[in-house]
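Participant: Below you'll find the structure I mean.
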Amino acid sequence: IFWYRIYPPPYEPLLPSIAVLPFTRIGEAPDTDAIAVGLAEELLSSLTKLEELSVSSRIAAEYVRDRLSPLSEIAASLKIRYLVEGSVQKEANRVRVTVQLIDAKDNDHVWSDNYEEQVGRLLNIRSQMAEDIVRGLGVALPIDAAKTLSSSPTDNGEAFVHYLQGKEYLRRSRNEVNLAAAARRFYHATEADPRFAAAFAGLCQAHLGHFIMENDSEWF
């Protein structure tokens, strides 16, 4: 017991452990930040639904990434083995996403790929990334889990882009301009897809932000 306390064995989760780092933007095209951050969040959300994986939270991944630490240190601090990092480049109406899966324990690139689609077809990239990462990890999924991985909050590409833009405005400082812009984006998303529940939730967040700022029951 004394030896174990002085020299504890390395932490090894029973399930494959993974963290999705915030994607970086390439270039200055409008909405690149929204797409980069949004795709990373959506990928994280998809992987979190799988009971076959141990997934680190978004906040924890952003916290360690902001300190520009080596990947091995990031993995050790999050107590995970695998890291997903990527970049997004937008040119005109097309988006190019580069993603790689890294085994931080062995400092080895397990898998990497490039995805290119029109902006309105970002949902295709989202689903394909998640499936390829799970395949790269060598995780066998039951049929129900595989269906969950390919499921999408909306089938409307235009609504999805508006939704990502709305979330980007919500991440900024809470003021009248940003909250109004977020509400407009979420509203456009609900117009494009009236069954897009996450877009309605985003719209509620924007209105709640107004209520907190102005204490006006109309917003509530």
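Participant: Report D for region 52-190 in µm² per second (integer): Stokes-Einstein, Kirkwood Rh on Cα pairs, 25 °C, 0.890 mPa s.
Facilitator: Translational diffusion coefficient: 144 µm²/s.
Participant: Farthest toward the dipole's positive end in the chain, which of 29, 133, 55, given Cβ charges of +1 (Lys, Arg) and -1 (Asp, Glu) about the Cα centre?
Facilitator: Positive-end residue among those listed: 55.
Participant: Something else: Once every DSSP H run of n ≥ 4 in the chain is given -39500 (n - 2.57) and the sum is divided by its residues, what mean residue ellipticity at 222 nm do you get, rounded to the nearest 500 deg cm²/dmol?
Facilitator: -16000 deg cm²/dmol, from helical runs alone.
Participant: Which lysines does residue 79 reach when only Cα atoms under 26 Å apart count, and residues fewer than 8 places away in its own chain are ignored?
Facilitator: 49, 105
Participant: If you take the charge dipole of the chain about its Cα centre, with +1 on Lys and Arg Cβ and -1 on Asp and Glu Cβ, which of 211, 183, 150 is farthest toward its positive end?
Facilitator: Checking the options against the dipole of the chain, the answer is 211.
Participant: May I ask you to list, by number, the DSSP H helices of the chain whose Cα span along the axis is at least 15 Å and whose average Kyte-Doolittle hydropathy reaches 1.6 or more?
Facilitator: Result, helices passing both filters: zero.
Participant: Between residue 155 and residue 140, what is 0.36 nm times their sequence separation minus the Cα-Cα distance? Round to one decimal in nm.
Facilitator: Using 0.36 nm per residue and subtracting the Cα-Cα distance, I get 2.8 nm.
We did not get these values from a lab; they are worked out from the coordinates using the rules stated. This one's a predicted model, so the numbers in the text were calculated from it and none came from an experiment. A quick note on method: Cβ atoms are made from the backbone with ideal geometry, for glycine too, and the neighbour counts reach across all protein chains shown.
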